[in-house]
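The values are calculated or read from the model by the stated rules, or taken from the named source; none is laboratory data. As the structure is a computational prediction, the values presented were derived from the model and not from experiment. Virtual Cβ from ideal backbone geometry, glycine too; neighbours counted across all protein chains shown.
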Amino acid sequence: MTLKLKHNPIIIAGPCSAESREQLFQTAKQIIQSVSIDYFRAGVWKPRTRPSSFEGKGIEALQWLYELKNELKLPICIEVIQPQHVELALKYNIDAIWIGARTTTNPYSVNELAQTLQSVQIPVMIKNPMHPEIKLWIGAIERIINSGIQEVIAIHRGFYYYGNEKYRNKPLWQVPLELKTIFPDIPVICDPSHIAGKKEYIFEIAQKAMNIGLNGLMIETHFNPSIALSDKDQQITPDELKELLNKIKFLNNNSSDPIFENTLQNLRQIIDEIDEDVLTLLSKRFDIVKQIAYYKKNHNVTAFQLSRWKDILKSRKNLAKELQINDTFVHHFLSLLHEESINIQNKILNQPEPEEKQQDYDNKRRNS
């Protein structure tokens, strides 16, 4: 499947939930007075964690959106969870649908939707699963493509995690970039609202998405977020949407300037050479690790040495600070190095002893 973008970026905006006819019309009218969007989004069915939460207006909301589309000439997209939702979306002339994170997590549910979508020609957007399992995301996309859908868009909305951090969902930007590598012709847009959880973080997330070359934004927008029935903290007003889009720097994926391309190629060549040096040094480092492992094996010493690990963290982080290298990156890098070192040592420590050496060991145990 080859999908060419009509334009870049794709902009989708609208409230988290369709709460009332008045709410939808007020929000939509204010949005189109401020900015140009590709789709007006609204949640019709809301799969909530707890039953006491607002779970959407269903068919009633579809009727409001049908009227809104006809009156304001605005393309509409909604989330679908079950096959009957697809059938109702088509009945009410919805222009595009998206599959939410909870649904993407369940291949059986995606397969049911894919079967219902056979021979249907509307854009289908697929959000990443709740947890960073890229194979689930890939599988959902493949199922939708196999159903015959010609226009598929992936939505990066971040990943659930335990613990308290800045954002509601962890961005893990390497995951959507890996997806773009696997599906180079499928647009990947960002949902900064769900990553942020709070509206004050939406701009920095949206700008990061544009900086790394994602293809658009889905931003939750409500005429009065303070009265929203769901996710009010992460919704912005239409005026704030206009300010946000005017503030974002939308970058090109490439340049036609030959001087720029030549300079960039020269700098990349330097990086390639440095990478070769880094990999060569890593190979030498792991050779030393193997020598250490055999030495420990001969002296019955464990692979993991806490004091040594603490010393590595302290000394390398101090050096990294002097070199102005990000502390978090250094910690992750050192942890990966250490994990691989332990794996190498563990394989060597687990190698069976030669028979004569094992007999000597058994004799010593019996005599002790």
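Any idea which of Val110, Val120 is touching a residue at least 24 places away in the same chain (Cβ under 8 Å) and assigned to a helix (DSSP H, G or I)?
Exactly one residue qualifies, and that residue is Val110.
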In the stretch 217-248, the residues that are surrounded by fewer than 21 Cβ atoms within 10 Å (Cβ to Cβ), touching a helix residue (DSSP H, G or I) at 6+ places or on another chain (Cβ under 7 Å) and farther than 25 Å from Glu22 by Cβ: Lys247, Ile248
Considering only the stretch 318-341, I want to know if a residue exists there that is more than 34 Å from the chain's Cα centre (by Cα) and either in the same structural domain as Val278 (by TED's automatic domain parsing) or surrounded by 14 or more Cβ atoms within 10 Å (Cβ to Cβ) (or both). no
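Confirm whether Thr181 is surrounded by fewer than 21 Cβ atoms within 10 Å (Cβ to Cβ), of a type in the set (S, T, N, Q) and within 18 Å of Pro132 (Cα to Cα). Step through it out loud before you land on a result.
Details: surrounded by fewer than 21 Cβ atoms within 10 Å (Cβ to Cβ): yes; of a type in the set (S, T, N, Q): yes; within 18 Å of Pro132 (Cα to Cα): yes.
Criteria met by Thr181.
Has the stretch 156-171 got at least one residue that is touching an Asp or Glu at 6+ places or on another chain (Cβ under 7 Å), modelled with pLDDT of 95 or more and crowded, with 19+ Cβ neighbours inside 10 Å?
yes
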Could you look through the stretch 251-261, keep only residues that are surrounded by 10 or more Cβ atoms within 10 Å (Cβ to Cβ) and either closer than 30 Å to Gln23 by Cα or over 26 Å from the mean Cα position of the chain (by Cα) (or both), and pick out the one that is modelled with the lowest pLDDT? Ser255
Which residue is surrounded by the most Cβ atoms within 10 Å (Cβ to Cβ), if the candidates are limited to the stretch 301-317 and must be among the hydrophobic types (A, V, I, L, M, F, W, C) and more than 13 Å from Leu334 (Cα to Cα)? Ala303
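Does Glu67 satisfy the condition of being farther than 18 Å from Ala13 by Cβ, free of Cβ contacts under 8 Å to residues at least 12 places away in the same chain and either surrounded by fewer than 18 Cβ atoms within 10 Å (Cβ to Cβ) or not charged (D, E, K, R) (or both)?
So Glu67 does not fit the description; no.
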Checking the structure you have, find out if any residue of the stretch 152-162 is more than 20 Å from Lys247 (Cα to Cα), part of a loop (DSSP other than H, G, I, E, B), free of Cβ contacts under 8 Å to residues at least 24 places away in the same chain and touching a strand residue (DSSP E or B) at 6+ places or on another chain (Cβ under 6 Å). yes
Just need a number here: residues in the stretch 193-227 that are part of a strand (DSSP E or B), of a type in the set (A, V, I, L, M) and over 16 Å from Lys180 (Cβ atoms). 2
Do we have Glu79 as more than 24 Å from Leu241 (Cα to Cα) and without any contact (Cβ under 8 Å) to a residue 40 or more places away in the chain here? no
